Structures are given as C-alpha cells and as structure tokens.
1. Under a point spin-label approximation (7 Å from Cα along Cα-to-Cβ), what is the CYS118-SER41 distance to one decimal in nm?
2. Give me the extension gain from THR109 to ARG86: residue separation times 0.36 nm, minus the current Cα-Cα distance, reported in nm with one decimal.
3. Please compute the contact order of segment 31-126 in relative form: average sequence separation of alpha-carbon pairs under 8 Å and at least six residues apart, divided by the residue count, as a percent.
4. Among TYR38, LEU53, LEU27, pick out the residue whose Cα is farthest towards the positive end of the charge dipole of segment 26-67, where Lys and Arg carry +1 and Asp and Glu carry -1 on C-beta, about the Cα centre.
Amino acid sequence: MNSSHETPEHNASITGPIDHTEEFVRLLGQTRRHRFAYLMSLMNDRNDVEEVLQETDLVLWRKFDDFEWGPNFTAWSCRVAFNQMRAWRQKQQRSRLQFSDEFLTAVATQLDTHTDRCDHRSRWLARLCGRHPQRPPD
C-alpha cells in the first residue's frame, strides 16, 4: 500500500467493485490526533473538543461516499471539524467566552498553512531518509 494516502489497488474482476471502507477507516484513525490538535487550537476546553471530535468523526463517516480519494484526507477532515466546531458554538451561545467567526477563520487559515508546511517537510524528510541507508550499529 502506498503511504501517500492513495487507495489500494484491487483486481475488479476478482473482487468486484472497489471497497474503500478499510482504507477510509485507516485514514480516519491515522488523522484523528491531527483533528484533535486542530480543534484544541480553536477551542478552550478538552471536553468540548472531545465532543466536537466525536461528532466530526460521525459526520466524516456519513460523508464517506463524498470523499474524493487522494492525499487531501487531513485537509478535508479538518474542514469538516471546523464546520462541526462552528455548529457546536452556535449551540453554546450562553457561554461567556466566544471567539468571533472572523477570528476562528483567521486561526484556521494559519493552521492550514502550518499543516501544509509540516506535510511538505515530512515528505521531504521521508525522501531524504530513503536516500541514505541507516548505518549498522557499532
């Protein structure tokens, strides 16, 4: 399987239609920590983040058929998390501390930019490590 989040290849004549369920569940699990950190950056309470994260994962599962396969699963799942956080905020209007949508959008934009840079660096480091074999221990 390719580590660039591409779907596994199947022989359609043997297995029938391609079933991406396992790959989707794997990506959902692999990126959960990232969604949690993303939401923690936008919200001020861990319990609230857990609640929104759980709802986000349910929405992601419901939208499984809408996902376009490729390397953008993390970005897509964070957009869903952002929308779920905004929906949660609307339900929490009685809370005293509320950030404006403009502020949260600005923070989310910065997080997206930072995520893109981190992903780029990770791919770059992975390629670098692949070019230089590890030395055996002395």
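1. 0.6
2. Using 0.36 nm per residue and subtracting the Cα-Cα distance, I get 6.8 nm.
3. Working: 41 pairs, mean separation 30.1, N = 96.
Reported as a whole number, the value is 31 percent.
4. The residue sitting farthest along the positive end of the dipole is LEU27.
The numbers here are math on the coordinates, done by the rules we state, and not lab data. Source: prediction; values computed, not measured. Methodologically, a virtual Cβ is constructed for each residue, glycine included, from the backbone with ideal geometry; neighbour enumeration extends over all protein chains shown.
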